[in-house]
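What follows is one structure encoded as structure tokens, with my remarks underneath.
Any read-out appearing in this document is the output of simple, stated calculations on the displayed coordinates, not a laboratory observation. Since the model is a prediction, treat every value here as computed from it, not as a measurement. Glycine gets a Cβ as well: all are built from the backbone with ideal geometry, and neighbour counts include every protein chain shown.
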Amino acid sequence: MNIFVRRLIAVAVLGAVLAGCGAGTDNTPRKSAAPASASPLPSAPVAPGPAPSASREAGPKQSAPPMLAPGPGGLTPVFERARNTMDKTVALTFDADMTADQGPRAAGGERFDNPGLIASLRRLKVPSTVFMTGRWAEEYPDQTRSIGRDPLFEIANHSYSHHAFKSPCYGLPTVGAEQMRTDVDRAFAAFRKAGARHIVPYFRFPGGCYDDRALRALAPAKVTAVQWDVVSGDAFASDGDAVAEQVLEDVRPGSVVVMHCTRSAAPVTDRAIRRIVPELRKRGYRFVKVSDLMKR
């Protein structure tokens, strides 16, 4: 099966996830603007806590994450991958999805977290960026704090509600333009309330759906929107090896891979990671967070 057909299938599956439980994404590539520095996202001071040691891949502590310059007309800039690079670096990103109305399902026992995946990333020493919804952070504050204080990880914004910023978007409810900035700010507040420290001013649109109206509405939030160029296909997948094969086939220098940190909707991601990481390292790839990749 060629890459084009597989990607069409992956997008269709991700759409089914979004319609059913808000855990999917699509691929809507846009041209990235030139990099520029920006002030770090303000956060409430918290006492330092113990965290596992990061590998050399994690890089030095960064107080001001790199961002892209605003797009035409001041629109929120969009980053997909590090272009024009032959450096074998790749950013694995994980969407921690939970929509604003899924509290009853969590109370009933459905698990939107995946601590086994996080444990594997720590054991394998893989720097990663977790795109988290504010609702997920509220449901799992201890995990949010643990991830957000571990220098191996950085937490980025995936909205508070996981409602769409453009319609139609796989059946997701839609956020009005006047509420988009508030939704993003509410998610950042949830991360800080949980005690996370390594928060970066990056945003991933729920479902990957956006347009200029959404980019304009988020401009005052001063975030960089982060998409991807590699769809893992882990949403609702039952074969971790197939997910791994898809990632291994599509990764190239500077890639951003989209995966999920949601057991109920992406149950084989942990297994896939345990194959992807050693194989890419064997091929000479080095894992970095989005903030490190954006500097290239």
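Points worth noting:
- Paramagnetic reach from residue 179 in the stretch 89-119 [backbone N under 15 Å; point 7 Å along Cα→Cβ]: 99-102
- Inter-part distance, the stretch 108-173 to the stretch 242-295, computed on C-alpha centroids, equals 16 Å.
- Using a cut-off of 28 Å between Cα atoms, the listed pairs 166/222; 125/295; 125/166 include 125/166 as exceeding that distance.
- Whether the stretch 237-280 is rounded, prolate or oblate, judged on the alpha carbon gyration tensor where a/c under 1.5 counts as rounded: prolate
- Tensor-based shape of the stretch 60-180 (alpha-carbon gyration tensor, a/c under 1.5 rounded, otherwise prolate or oblate): oblate
- Taking only the C-alpha atoms of the stretch 71-125, Rg followed by Dmax gives 17.7, 48 Å.
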